[in-house]
1. Grab the Cα-Cα distance for M168 and D29, subtract it from 0.36 nm times how many residues apart they are, and report the gain in nm with one decimal.
2. Provide the FRET efficiency to the nearest 0.05 for the K96-D135 pair, computing r from the beta carbons and using R0 = 35 Å.
3. Sequence gap at least 6, Cα distance under 8 Å: using those rules, report the relative contact order of the chain to the nearest whole percent.
4. Kirkwood hydrodynamic radius, the chain, all distinct C-alpha pairs: what's the number in Å?
5. Of the options L149, A23, H128, report the single residue whose Cα projects farthest towards the positive end of the charge dipole of segment 4-167 (beta-carbon charges: Lys, Arg +1; Asp, Glu -1).
6. Looking only at GluC sites (Glu not before Pro) in DSSP loops with at most 15 other Cβ atoms within 10 Å, what is the longest site-free stretch of the chain?
7. Through the Karplus equation 6.51 cos²θ - 1.76 cosθ + 1.60, θ set to phi - 60°, convert the phi angles of segment 96-109 into ³J(HN,Hα) values in whole Hz; use x for Gly and Pro.
8. Please give me, ordered by residue number, the trypsin sites (Lys or Arg not before Pro) of segment 91-174 that lie in loop per DSSP and have at most 13 other Cβ atoms within 10 Å.
Amino acid sequence: MTVIDIRPTTPADLPPLEALYAAAFPEEDLLPLVRALLAEPSGVMSLVAEEGGALAGHVAFTLCGIEGQDVRAALLGPLCAAPDRQGRGIGSALVKAGLEQLCADRVTAVLVLGDPAYYGRFGFAAGHAIAAPYDLPPEYMAGWQALALSPDGALPQGRLEVPPVWQMPALWLP
């Protein structure tokens, strides 16, 4: 089995990341979002996975706030693994490495809009009291999930406050 190395993203990773996202999401143009996240001077943890010397995956976690609360939250996304390497634990390794770092950084909660079956493996669950930054259509509600990272396992309540890079309604609506 090939070892998966997880490391912070560098500027030199942008061209292979552009190719990776285009291959993994041919019907969805995530490149403007990925470029914007990588250009953020702070507040974004971006990790890549290398397997066999090749870039095999990427994840970003953006620091956010919760309206009316004095807590730190993070938004997970996007997450990507090379199509020919999916199902080999690359995405899981990236998510776990990011969650470990967020715990160490005392982030209280992590939010994601994604597949409940996939993210549920990490403890994410729907039905919490943190609202998305935009009103989601009913068919997206099961995908809006949270994971408590606080020692007491409690989630704050309120609306997620996202930085400008995430303040485009098109990122949240069909």
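1. Result: 48.6 nm gained on full extension.
2. 0.65
3. Relative contact order comes out at 20 percent.
4. Taking every pair of different Cα atoms in the chain, averaging 1/r and inverting gives 16.4 Å.
5. Checked the options; the winner is L149.
6. 68-174
7. The phi angles translate into 4, 5, x, 5, 4, 5, 5, 4, 4, 8, 6, 6, 7, 8 Hz.
8. Those that pass, being in a loop and sparsely packed, are R106.
Just so you know, all these numbers are worked out from the coordinates, no wet-lab data involved. Remember, it's a predicted structure, so these values are computed and weren't measured experimentally. Note that each Cβ is placed from the backbone with ideal geometry, even for glycine, and that neighbours are counted across all protein chains shown.
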